[in-house]
Amino acid sequence: MKAKVPWRALVIAIILVMATLSLIRYTAPGRGGFTPLEAALRDLTAPAGSVFTRVGNSLSRVLAFPVSLPRLAEENRRLKQEVDQLKAQLYVAQEYRQENQRLKQLLDFQSRVAPVLNMKTVPAAVAGRDPSNWSGMILLSKGLTSGLRAGQAVITPAGLVGRVVAVSQHSAQVLLITDPRSGVGAYLQQSRSPGIVLGEVGAVSSIVMTHIPSDIPVHEGDIALTSGLSGLYPKGIPIGRVLRVSRESSGLFQQATLDTFVDFERLEEVLVVTGYQPVAAPAGALPYPWGAGASTNPGSPGAIGAGEAAGESGDGW
């Protein structure tokens, strides 16, 4: 007895075979476009495919992150080292540039200004400060072997610093004019008023000129110079300019608070005056605040009169 084949199953099989052959035909390479069915299916599944792609990429990065952590940490450490090295090189370059500028100013003063004043100077670096008297004492890197002696004046291209009070073979101690124990004979350029310059307790760059006669007008901006009368300093070294004027407590004299030309907080190199002979500096031969020619206005560039530039009174060494 023969088995019967259901006709419905046969029809379904034929339809499936035809559909398969049609799909093979329409998806073969080289076709010019999609069938309507393919286009509809692709449009329907494209957003989902994009989402799945992004999710897959994110998962891939998340799964790969732990593996890449050691490499990223090493790269970060290397970059930090490079940044630190570049910063250090920049700081060193800045220090060299600033030191070069300061030394150039010292050399320019030695070669152009000191010969006009008939001064011999020796450059020295500031090697240290007295911790117990920061604003009063400095230590220099040169001593007897370089020609330094106690009593010599110490200056910068800006003006008066102080004087050598103690010296060894290779170092020297300098008493600054900002120290209350320091006394400098001085006069005001415009008014010609004499006085004594003293340091103030607790001040770094502020000093006071005392014992100014009360009958002489003193103006703000007037320039104070060494008088040379004490014999400790050559005449005509710039000290500072007048900030304000007041009466002394006794009421007999005036006093003037001076702003120093020298920046004592940034003092790194100085010049020690090892020799000096008084001469009259030619007008216009000296820069501010040393400049030749008497001032007619407070604070003007002239700082030393032509006949007073280096102390014609004979004071000095």
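Among 105-113, 75-83, the peptide with the highest mean count of other Cβ atoms within 10 Å heads the list, and the full ranking is 105-113, 75-83. Excluding Gln110 itself, what net charge comes from residues whose Cβ is under 15 Å from its Cβ, given Lys and Arg +1 and Asp and Glu -1? Around Gln110, the charge tally is +3. Dipole size of the stretch 183-287 about its Cα centre, with +1 on Lys/Arg Cβ and -1 on Asp/Glu Cβ: approximately 300 debye, rounded to the nearest 20. Each peptide in 114-123, 158-167 was scored by the mean count of other Cβ atoms within 10 Å over its residues; highest first, the order is 158-167, 114-123. The listed peptides 189-201, 211-223, ordered by packing as a protection proxy, come out as 189-201, 211-223 (highest mean of other Cβ atoms within 10 Å first). Projecting label points 7 angstrom from Cα along Cα→Cβ for Val165 and Asp215 puts them 3.7 nm apart. Dipole size of the stretch 212-252 about its Cα centre, with +1 on Lys/Arg Cβ and -1 on Asp/Glu Cβ: approximately 120 debye, rounded to the nearest 20. The stretch between Arg102 and Leu90, if pulled fully straight at 0.36 nm per residue, gains 2.5 nm over its current Cα-Cα span. With K and R counted +1 and D and E -1, the other residues having a Cβ less than 12 Å from that of Val201 yield a net charge of -1. The simple spin-label model puts a point 7 Å past each Cα toward its Cβ; for Arg77 and Gln277 those points are separated by 6.9 nm.
Coordinate-derived values only; no laboratory data. Treat the numbers as computed from the prediction; the structure is a model and nothing was measured. We place every Cβ from the backbone using ideal geometry, glycine too, and count neighbours over all the protein chains shown.
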